[in-house]
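I have placed the structure first, in the form of C-alpha cells, so that the comments after it can refer back to it.
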Amino acid sequence: MDLARTEVAGAAPRRRGSATRLWLMALPVVFFAVFFAYPVAAIVARGLEVDGVWRPGRIGEVLGQADIRHVLWFTTWQALASTALTLLIALPGAYVFARFDFRGKQVLRAVVTVPFVLPTVVVGTAFLALIGRGGLLDGLWGVRLDTTVWAILLAHVFFNYAVVVRTVGGLWAQLDPRQEEAARMLGASRFAAWRTVTLPALSPAVAAAALMVFLFTFTSFGVVQILGGPTFSTLEVEIYRQTSEIFDLATAAVLTIIQFVAVGAILAVHAATVRRRETALRLVAPETTARRPRGAGQWAVLTGVLASIAVLLVLPLGVLVQRSLDTPGGFGFGYYRALASDDGGIFLVAPIEAIGNSLEYALAATAIAVVIGGLAAAALTGRAGRLVRGFDVLLMLPLGVSAVTVGFGFLIALDEPPLDLRSSWILVPLAQALVGVPFVVRTMLPVLRAVDGRLREAASVLGASPWRVWREVDLPMVRRALLIAAGFAFAVSLGEFGATVFIARPDNPTLPVAVARLLGRAGDLNYGQAMALSTILMVVCAVALLLLERMRTDRTGEF
Amino acid sequence: MSTKASTKRRTAAAVVVALGLVTLSACGSSGSGDKTADSRTVTLVSHDSFAYSKSLLHAFEQESGYKVRILKDGDAGQAVNKAILTKDNPQGDVFFGVDNTLLSRALDNGLFQPYEPKGSDQIVQRYRVDQEKHRVTPIDSGDICVNYDKAYFSKHELAPPTSFDDLIKPAYKNLLVTENASTSSPGLGFLLGTAAKYGDAGWQGYWKKLKANGVKVVDGWEQAYNDEFSGSAGGKKAKADRPLVVSYASSPPAEVVYADPKPKTAPTGVANGTCFRQVEYAGLLSNAKNTKGGKALLDFLISFRFQEDMPLNMFVYPVRETAKVPEVFVKFGPQAAHPETLAPAEIAKNRDQWVKSWTSLVLK
C-alpha cells in the first residue's frame, strides 16, 4: 500500500516540535475518539454487561463453541489463500504496469481499480456470470464455482487486484532497471539478477500489499455472504448475523474483540514492514523505466496479463453493463429512462436522485477525510516515536472493524445532545470518512516524509511562522498528493455500502443503497434499474479514478 | 506546469480544506436541528420496505396538522433490533414493521406502550394479538410461498407443485431454491411453515427428504430470487436453473406491475399449499416524545385509505375486513386459502432451537 520514499527521505527529517505535533494530532484524535472508539466501545460494552454486571467470562464461553472456532479457522485460512492467489495473479500485472508502455495503460489502471471501490452488492451478482451457471467457466468446461470456496477466493482477487498492482507496481516502476542490467553484465543470469537485485528491493512492498490484502479478505463480508452461500462464514459475517439477525450482542461483542485484536496485530506487522522499508532506495521516475515490450517473451507476458484482467475483472463489470441495456424490448436505454420516474414506491424520490445524494455525501466525506487524514499525516511526518506509531495503527483500524458494529455503536452512543446525530445527515459522511481517512494518510505520508526537513528549518530560521512554512514549503510539494488522496477518499466513499446502508435516510439513499433496495424487490423493472444504477456508479467511480491517473505524479505512487 | 494551473489547484485544495472545516463545525450543531421534540412532528420508524403514496401522507399531514418524518432503519430484523437497542431514547414515536416471527422479542423487551387505535374493531379477528394490553396493532399480512416459473413447467409439461408434500416428490428433484433460515425472513417463514405443517416432531424428517430431493439454500432473498430463480428478470438473464423459489404470494403481481410493457398475465405463479402467513404490526414506542401524534399516526395506518394504498406500494394485504384490494392482486397473487400459521408465543418459544437444528440438518 504504501510507497517507497525517495532518496531525499534518506536525509532524515528532523523531529518537529512536539508541541506542534500534539496540536496537529488533536483534531484527528478527537475525531477518532468520538466517531469510532466511543461508539464501538459502547456497543461492545453493552454486549458484555448483563444487568449492570460485567461478564468477561463471556469471552471464554463464546470461544468454547465449536461453531465459533470453525468460523475463526475458516476466516484465517480463506484470507491466507485469497492473499496467496491475489499475489499470484496480480504480481505479473504489477510487473506489466510498471515496466511496459502500451496504449490505454492509464485507462486500464483505472479500470482495474474500479472493483476495489465498488460495493459487493453491485458486483456480486455480476461475478456469478463468470463462475456461476451459464457463466464463462460453465460454458467452456462445464465448471460451476458458485457457493464454493473458489467463488470467494476468485472474487477476492477481483476486488484486491488493484491493491497489489498499485502498491507493488508503483514501487517497481521507480526501481532503476540499470541496476539489474549491471548485475547481468557481471555475469548473473536473468533470474539471478532479478532475485538478488530487484526482489530484495521489492519485497517490502510485496509484504505490505500482502498484509493489506490479508486485512481486506480477513474482514470480508459481502463476498462471503453473496457468493459463498450460507455455509461459509467469516468473523465479519458472523458479527453481522449475531448483531443484526440473532441479536446476541454478547457473542457479537466477543467476536468484535477477537477481530479487533487480530486486525490490530495485522496492522502492527504492517507498520513494522513499512518501517523496515524506509531504507533509501535509488528511485527513478517511472516514465523512464517503462518501455514497449520487446521479443516474444515480453509480448507473451503482456498478453497473458491483459487476458487475465479481461476475464477476471472486465468481464464481470461488462456483464453489469450488458444487463442494464438488455430490456424486454431488445437492447436499449429503457431502464435508464425508468430511473428518472418518481413512482412513489420504495423511494420517495426518483432513483436517479441517488446520484446527486451520493455525490453530496461523498464530497462531504472527502472533505472530512482530507482534513482529518491530512492533519494526521502531517503529525506523523517526523521521525516516529512509539506513541506516534500507535496512532498510525489506530488510524487504520476502521478498515478492520465491521460496519454493523460501528453502526449499532452510533445508535447507542451518539444519542444525546450535543451529539444526537442519529437522524442527522452528517452521520453518513462521517461514517464514510472513517473509511476514507486511512487512504488519505497512506497517500500523504510518504510524500510528506520525502520533503527535506532542512527546507523547513531554513524557512524557520529565516523567520517564517509554522503556518507559513507549511504553506510555502510543504503545500507546494504535496498539493498533488493531497488531490490524489482526496480523489481516492471520494471514490471509496461513493462505493461505501456497509456503514451507509445502516444509517442512510429514506429520502436520500446513496447509489449503493438504492441498488440494494431495487434488488430487494421482484419485477423486471426493479432488476433492470438496479443494473442501470450499478453501471452509473461504476462509470462515476471509473471517471474519478481516471482523473486521478492523470494527476499521478512521478513520486507519489501509492494509490 | 503553468502558474495559472497551479493557482487553480491551490484554490481547489483550499476549497476542500475549508469545506471540511465547515462540515466539522456543522456536525456539532446539526443534532439539535433535527430533534423531534416539537409536538407538530411525528416520527415513524420502519424497515426499508416501507412504502406509500406520497399524496396520501400529504393529505394526512394537512388534516392532522402533524408533519410526518419517516426513518427507514434497515431490513425487518435489523429495524426491530435497533428499536430495542434505543428503546430508552427512541428515534421516533411509532414503530411499524415487526412481524409475528419477531413480535415476542419486541414485546418482551418492552418496546411498546398500550394504545388501541380507532377502527381496531374492524381488523380481521385472527390477526389480533395482545388483546388485554393493545400494545401492538396488526397493519398488514402477506404469505411466504413457493413461487414457480410458468414457462418452465409448461415447457416440460409438468404440473407445478401445489403443496409441501409435492416438493419432496422425485418429479421436482433439484428444482427448489430457498433462503438461509437464520438470516432471511422468507427463509425463516418457509421453515416455520413446515414446522406448522408437520409439527415439532415431524419437520426435521420433512427437511431430510427435501435435502435428499436437492433443495438449494442461498443466503438471502436477493440471491435466491434474482440469481437462482429462472422465473425472475435477473434469473432469465443469468440463465438460472431453479424454477421453484421461496418468495411471497405477492411476487407474481409485482412481476406484472414492475414490467414495461405490462404482460397480460404474470410469468410466475404461487404454490398455494406451501404458504406461511406473516402479519406485520405497529405500535406506539414506550418512550415516544410525541404520544399524541403517534396515536394519530397509528389511527392513520389502519384507516381505509392507507390500508387500500398498501398493496401496490408494499405488496402486502390489508388487515381491515372490508378494505378493497386491487385487481392485479386478486388475479395474480391471491392470499392462500389455508396458509400455515403459528402463534407469536409459539414462534418465540421454538424459533432459536428450530433454526439451530435446521442449520445443522440442512447446511452442514
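The table below gives the values:
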| item | result |
| --- | --- |
| Residues whose placed amide H lies under 5 Å from that of B:Ile139, excluding near-sequence neighbours | B:Glu280, B:Tyr281, B:Ala282 |
| Using a Förster distance of 41 Å, the FRET efficiency for A:Gln106-A:Arg471 (Cβ separation, nearest 0.05) | 0.85 |
| Per-residue ³J(HN,Hα) for the range B:79-87, Karplus 6.51 cos²θ - 1.76 cosθ + 1.60, θ = phi - 60°, Hz, x for Gly and Pro | 4, 5, 4, 5, 4, 5, 4, 9, 5 |
| Cα-projected label distance for B:Ala201 with A:Glu61, points at 7 Å along beta-carbon direction, nm | 3.3 nm |
| Probe 1.4 Å, all protein chains present, accessible-area order of B:Lys331, B:Lys150, largest first | B:Lys331, B:Lys150 |
| Expected 222 nm ellipticity per residue - DSSP helices of 4 or more, -39500 (n - 2.57), all of chain B, to 500 | -13000 deg cm²/dmol |
| Shape category assigned to the range A:404-559 from the gyration tensor of Cα positions, a/c cut at 1.5 | oblate |
| Peptide-level mean, for A:469-479, of C-beta atoms on other protein chains within 10 Å | 1 |
| Shape call, the protein assembly as shown: gyration tensor on alpha carbons, a/c limit 1.5 | prolate |
| Solvent accessible area, Å² - A:Leu154, 1.4 Å probe, full protein context | 30 Å² |
| Solvent accessible area, Å² - A:Trp77, 1.4 Å probe, full protein context | 90 Å² |
| Hits among aspartates and glutamates - C-alpha to C-alpha of A:Lys105 under 16 Å, sequence gap 8 or more where chains match | A:Glu287, A:Glu549, A:Asp554 |
| Estimated distance in nm for a label pair at A:Ala268 and A:Ala37, the labels positioned 7 Å out from Cα along Cα-to-Cβ | 1.7 nm |
| Loop sites in the range A:358-420: trypsin sites (Lys or Arg not before Pro), DSSP, at most 16 other Cβ within 10 Å | A:Arg383 |
| Pairs from B:Lys216/B:Lys237; B:Lys87/B:Lys197; B:Lys211/B:Lys264; B:Lys82/B:Lys289; B:Lys82/B:Lys237 whose Cα-Cα separation, in the structure shown, is over 25 Å | B:Lys87/B:Lys197; B:Lys211/B:Lys264; B:Lys82/B:Lys237 |
| Residues whose placed amide H lies under 5 Å from that of B:Lys216, excluding near-sequence neighbours | B:Leu176, B:Val177, B:Thr178 |
| At most 13 other Cβ within 10 Å, DSSP loop - trypsin sites (Lys or Arg not before Pro), the range A:26-134 | A:Arg103 |
| 222 nm mean residue ellipticity, helices alone, for chain A (DSSP H n ≥ 4; -39,500 (n - 2.57); rounded to 500) | -21500 deg cm²/dmol |
| Trypsin sites (Lys or Arg not before Pro) within the range A:193-297: DSSP coil, no more than 11 neighbouring Cβ in 10 Å | A:Arg294 |
| Other protein chain Cβ atoms within 10 Å, averaged over every residue that makes up A:416-427 | 6 |
| Full-stretch length increase - A:Ser460, A:Arg389 - with 0.36 nm per residue and alpha-carbon distance subtracted | 22.9 nm |
| Heavy-atom accessible area order for A:Phe232, A:Phe97, largest first, 1.4 Å probe | A:Phe232, A:Phe97 |
| Percent RCO, i.e. relative contact order, over chain A, from Cα pairs under 8 Å lying at least 6 residues apart | 26 percent |
| Listed residues B:Lys209, B:Lys324 arranged by accessible area, highest first, probe 1.4 Å | B:Lys324, B:Lys209 |
| For B:Thr41, residues with placed amide H under 5 Å, excluding near neighbours | B:Lys67 |
| Cα centroid separation, the range B:329-350 to the range B:133-192 (Å) | 12 Å |
| Distance from the range A:100-150 to the range A:486-503 (C-alpha centre basis), Å | 21 Å |
| For the range A:71-81, 3J(HN,Hα) per residue [Karplus equation, 6.51 cos²θ - 1.76 cosθ + 1.60, θ = phi - 60°, Hz, x = Gly/Pro] | 4, 4, 5, 5, 3, 5, 6, 5, 5, 4, 5 |
| Hypothetical label at B:Glu327: residues of the range B:231-265 whose amide nitrogen lies under 20 Å (7 Å Cα-Cβ projection) | B:250-265 |
| Spatial separation of Cα centroids for the range B:57-102 and the range A:25-50, in angstrom | 27 Å |
| Exercise: per-residue mean of other protein chain Cβ atoms within 10 Å, B:253-265 | 4 |
| Theoretical FRET efficiency, 1/(1+(r/R0)^6), r = Cβ-Cβ of A:Thr288 and A:Ala81, R0 41 Å, to 0.05 | 0.65 |
| For the range B:228-241, Karplus couplings with θ = phi - 60° (6.51, -1.76, 1.60), whole Hz, Gly/Pro x | 9, 7, 6, x, 8, 4, x, x, 4, 5, 8, 6, 5, 10 |
| Rounded to the nearest 10 Å², the accessible area of A:Met551 at probe 1.4 Å | 40 Å² |
| Cβ-Cβ FRET estimate between B:Ser55 and B:Lys208, R0 fixed at 60 Å, reported to 0.05 | 0.70 |
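The values are calculated or read from the model by the stated rules, or taken from the named source; none is laboratory data. Please read all numbers here as calculations on a predicted model, not as lab measurements. When we count neighbours, we look across all protein chains shown, and the Cβ atoms used for this are built from the backbone with ideal geometry, even at glycine. These area figures cover heavy atoms from the full protein model, side chains too; ligands, DNA and RNA do not enter into them. Shrake-Rupley method; radii C 1.70, N 1.55, O 1.52, S 1.80 Å.
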